[in-house]
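Following: one structure in structure tokens, then a few remarks.
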Amino acid sequence: MSRLAMWWSERIPISGEQLRELTNEPVPNHMKKWWFALGGTPAYLFVVQIVTGIMLAIYYQPASTTAYESVRHINEAVSYGWFFRSIHKWAATLMVAAVVLHQMRVYFTAAYRRPRELNWVIGMCLLLVTLGLGFTGYSLVFEQLSYWGATVGGNLVDTVPVVGGSLKKLLLAGNEYNEQTLPRFYILHAAILPVTLVLLIGIHITFIRLHGVTELEPGVHPKDPSKHFNFFPDHLLTELILGLTLMVLLSSLATIFPAELGPRANPLETPEVIKPEWFFYATFRWLKLFGPTFAVLSMGLIIFTMFAWPWIDKVLMRMTHNKEISTYLGIVAVFLIVGLTVWESLVAH
Amino acid sequence: MSIKAKQYLIGALGFLFLGSLLIVQWSEVSRKREEAGLAPHHISHPASSRSCIECHDKLSPGIIDHWEGSTHALKGVGCVECHQANEKDVDAFEHYGATIATIVSPMDCARCHPKEAKQFAQSHHAHGGHILASLDNFLAETVEGARAPFNPHSPTPGMEVDMVNGMASVDSGCKQCHGSKVALAATTGDEITVDDLKPDEKGQPTNQEALARVRRNESNQPILHSASWPNTGIGRINLDGSLGSCSACHSRHDFSPRRARQPENCAKCHLGPDHPQKEIYDESKHGVAFRDLHAHMNLDAATWILGKDYTQAPTCATCHMSAHSRDQEVTHDPGERISWTNRPPVSLLMDTDIHHKVIDATDPAEREKLIHDSWQNKRDRMKQVCLHCHTSNYVNSFYKQYDDFVINYNEKFAKPGQAIIAALRKGKLITDIQFDEEIEWTWFYLWHHEGRRARHGASMMAPDYTHWHGMFEVADRFYQQLIPQAREIAKHASEQGNEQAGQAVEAAIAEILARPEHQWYEGQAKQPMQSP
């Protein structure tokens, strides 16, 4: 062993063999299909968000008096500012979409069932934190829709029985949007939620490593080499190809559809069309259909049901004696969400 | 369900979800592009006005096209929202199922713009229609035309003219700027105005007798009297009792803020020999800068705040009305930032009472009691505008020059001129009828044309109007016409035996000319004048 190798192995006492052993989880052959790589996609996009987010934070000024102008400065004056802001915006969109697709795959392959119930719960937390990042990020631009989106969000939280008022105060730093609101959203967006997301991803991956990747072929032994391939380097290469494809996609979207800047927030003028970011379209349509109190309570119930689905699924299977009941319910849910989203997208008001 | 089937299911639902995202992102990107001004706004025709639009798009496409370019159209405000009327309104009529009125008054606009309507209602602009009973109007009604129709001199080939409308000059002239008293034609042949209708606070008529006399056409539409309509004069006196016409500045039907911000918009009225504000502005450095930097004025900005959205040059709106970065919102009362009124023969400081009328009381204690908004407050507001581009030293020195100029005009020419005319009138050496004697025309030219030009020129930094079109002509008119004509009248009176009146006028003139500032004229000052 050379002196340099000895120096190195003394300080980091792990061999290449051990490293390969650690990462070389046998991956079932079905993972060769691209749509089974959707767990890594949001993680990859999250890394893109951290990098571009730090770059934007260098110029962004989180106060209601300066935020809008600083975003305008990023868009118009900073070299490639518009590009990184656009990447950040589109990566957020793709990240939410990838999380939803990943969740759909996990749901329809019933990968949440015993013993992976807790990882489903962690996954649900990841979904909510991702949506939270989207909501707070959208509010930081301080354009009209940011302001009114935050105001509507605050009012929605307010309709939650008993704790609603306190939650709203916690969210908006007061009874209504004020000069403390934007800094609070910034702290959530740039510190609390990303750190939470990192911790949750860590637990999520640890669970996957402990349980192994879900075997879809019944009767397959996890270590049967004919039904598996190596994570390292085979699956990692698949993920890298996906990552490069995502970069091309992101760059194209950012260039062809760069992030625009709407009118500056004006508390005295309610915009004619108030819409949240697209990932809240379904809930916004739900809200318009049923009014705030019912909509908030029913959404709370839906979220609770989603968290508890591994156990509800068990009860449903026992009651109906149908192993595919969750699949059918899932199809209905996807159609409902897609229908509400497209509906809200196409109506002017 | 087999694994294969599940793979297909996941694939299908995944593509469905991604497909929906494409639709959503397409609409989101389009909306953002519209908001950022990179794509034309998508105009949706409000259901309430769809049938109006369909019909008028064929009959009067210009109206629809203008409306489609307006912020109203963007916000879903259509035809009916502005033209809607209560069936009790005197000018309301049924039009294809909707109760509407042709004229949209400030009371109608106030349904959505109450703050702007209130500011405007208390402005001098809103009261522009009251000139209809003033000296200027006598000039147009009687001197230029005739209050009663008269017979033509001779036939007009190609047109049968059996009677001349002597009010034509008023209708097409004065009223188009100042505003008409909107009138309906009556079945009895006369006119019905707000005076007859006595509207309540909602603008609805309380006088049933006048209401019964309204003449209507075959569609039951009340007929607006042609002497008062069409008219967008800024002080129009409407049938519902409200004053003014928002479209005077906001041109229907696009109600363009961009246009209202440009000096040309004000120049519909503020030009010409008696108040050439537009020409004065054009001559000033402000106007020169505007013409040069017009493209950088951000005139399409939603809020158009001086110091934020632009700084290149001010327009009329910038100084007198618009918002600026030193915490001042837009106002629809241009008088809020004006410290002198240069309209009357003698300029007055713009202390205003609770009804926003200029206080003419001279007793300091009495003035103090009446002041609701002082001229100093008004000037301070204007200074906040000036300070965006000038130092306080510059602004204060400008106001010192301006004050000195107005006071010089007041004291040297306006007050003496007024005193001479008063002496002539007191001695009955001129009649009570205006404009029937040469000296009345002289005096009118002096203060109404040349005096105003001089004062407005000084107020807006246009030296040529201040001096050559202003004070030079004031002095010429005073020394070469007013004084000789007054002396001639006094001499003639003395010769005719009315020595007392003649001497009184001579004494008034002598007292004026004996003052140091006039001594040069008579060559009476044998010693050189002392510097003040």
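The values are calculated or read from the model by the stated rules, or taken from the named source; none is laboratory data. Bear in mind the structure is a predicted one, so any value in this text is a computation, not a measurement. Here the Cβ is made from the backbone with ideal geometry for all residues, glycine too, and neighbour counts use every protein chain on show. Just the protein is used for accessible areas: all its heavy atoms, side chains included, with ligands, DNA and RNA removed. Shrake-Rupley method; radii C 1.70, N 1.55, O 1.52, S 1.80 Å.
Observations on the model:
- With contacts taken as Cα pairs under 8 Å at a separation of at least 6 residues, chain B carries a relative contact order of 10 percent.
- Label-to-label distance, nm, for residues given as residue A:206 and residue A:347 (7 Å Cα→Cβ offset): 4.5
- For the range A:188-193, Karplus couplings with θ = phi - 60° (6.51, -1.76, 1.60), whole Hz, Gly/Pro x: 4, 6, 9, 10, 5, 5
- DSSP-assigned coil residues among trypsin sites (Lys or Arg not before Pro) in the range B:428-532, each with at most 16 further Cβ atoms within 10 Å: B:428, B:526
- Residue B:142 - accessible surface, heavy atoms, 1.4 Å probe, Å² rounded to 10: 50
- Per-residue extension of 0.36 nm, minus the Cα-Cα distance of residue B:43 and residue B:408, leaves a gain of 125.7 nm for this segment.
- Between the Cα long axis of helix B:50-59 and the first principal axis of chain B there is an angle of about 60°, rounded to the nearest 10.
- Ranking by accessible area, most exposed first, for A:117, B:81 with a 1.4 Å probe: B:81, A:117
- Amide hydrogen neighbours beyond the local backbone of residue B:251, cut-off 5 Å, H modeled: none
- Average Cα contact separation per residue, the range B:49-131, under 8 Å, 6 or more apart, as relative contact order %: 17
- Summarising the amide proton neighbourhood of residue B:181: residues at separation of 5 or more, or on other chains, whose placed amide H is nearer than 5 Å comprise B:237.
- For chain B, the dipole from Cβ point charges (+1 on Lys and Arg, -1 on Asp and Glu) about the Cα centre works out to 2000 debye, to the nearest 20.
- Put a dot 7 Å past the Cα of residue A:294, heading toward its Cβ, do the same for residue A:66, and the two dots end up 4.7 nm apart.
- Overall form of the range A:222-349 per C-alpha gyration tensor (a/c, 1.5; a/b vs b/c): oblate
- The slack between residue B:143 and residue B:216, meaning 0.36 nm per residue of separation minus the straight C-alpha distance, is 22.9 nm.
- Summed side-chain charge close to residue B:64 - residues other than residue B:64 whose Cβ falls under 13 Å, Lys, Arg +1, Asp, Glu -1: -2
- Applying a DSSP loop filter and a limit of 15 other Cβ atoms within 10 Å to the trypsin sites (Lys or Arg not before Pro) in the range B:336-405 leaves B:357.
- Solvent-accessible area buried by pairing B with A, both sides, nearest 100 square angstrom, 1.4 angstrom probe: 3400
- The 1.4 Å probe gives accessible areas that order B:442, A:305, largest first, as A:305, B:442.
- Global form of the range B:157-205, assessed from the alpha-carbon gyration tensor, a/c cut-off 1.5: oblate
- Counting Cβ atoms of other protein chains within 10 Å of each Cβ in A:176-182 and taking the mean gives 0.
- Put a plus charge on the Cβ of each Lys and Arg, a minus charge on the Cβ of each Asp and Glu, and nothing anywhere else: the dipole of the range B:1-85 about its Cα centre is then about 580 debye.
- Label-to-label distance, residue B:59 versus residue A:128, with points set 7 angstrom from Cα along the beta-carbon direction: 6.0 nm.
- Whole-Hz ³J(HN,Hα) from phi, Karplus 6.51 cos²θ - 1.76 cosθ + 1.60, for the range A:65-76, glycine and proline x: 7, 10, 4, 4, 5, 5, 5, 4, 4, 4, 5, 10
- For the range A:195-213 versus the range B:469-504, the spacing of their alpha-carbon centroids is 104 Å.
- Computed from backbone phi, the HN-Hα couplings of the range B:155-168 come to x, 9, x, x, 9, 8, 10, 9, 8, 9, 7, x, 8, 4 Hz, rounded to whole numbers (Karplus: 6.51 cos²θ - 1.76 cosθ + 1.60, θ = phi - 60°; Gly and Pro given as x).
- Relative to the dominant Cα principal axis of chain A, helix A:281-290 is inclined by about 50°.
- Take residue B:467: with every protein chain present and a 1.4 Å probe, its accessible area is about 90 Å².
- Helix B:3-35 and the longest principal axis of the C-alpha atoms of chain B enclose an angle of approximately 10°.
- Those chymotrypsin sites (Phe, Trp or Tyr not before Pro) in the range B:380-479 that DSSP places in a loop and that have at most 16 other beta carbons within 10 Å: B:435
- Surface per residue (accessible, 1.4 Å probe) for the protein assembly as shown, Å²: 53
- Oblate is the label for chain B. Its Cα gyration tensor axes, ordered a ≥ b ≥ c, give a/c of at least 1.5 and b/c at or above a/b.
- Reachable aspartates and glutamates, given that their alpha-carbon falls under 15 Å from the alpha-carbon of residue B:491 and they are not under 8 places away in the same chain: B:499, B:506
- For residue B:356, the solvent-accessible surface with a 1.4 Å probe is about 60 Å², rounded to the nearest 10.
- Separation of the alpha carbons by more than 28 angstrom is noted, of B:369/B:415; B:198/B:268; B:181/B:285; B:285/B:383; A:168/B:118, for B:198/B:268; B:181/B:285; A:168/B:118.
- For residue A:143, the residues whose amide H sits under 5 Å from its own are A:265, ignoring neighbours fewer than 5 places away on the same chain, with H placed 1.01 Å from N.
- Rel. contact order, % - alpha carbon contacts under 8 angstrom, at least six apart, chain A: 26
- Exceeding the 30 Å Cα-Cα cut-off - candidates A:227/A:314; A:275/B:6; A:275/B:88: A:275/B:6; A:275/B:88
- For residue B:202, a cut-off of 14 angstrom between C-alpha atoms picks up these aspartates and glutamates, skipping any fewer than 8 places away in its own chain: B:87, B:89, B:91, B:108, B:240.
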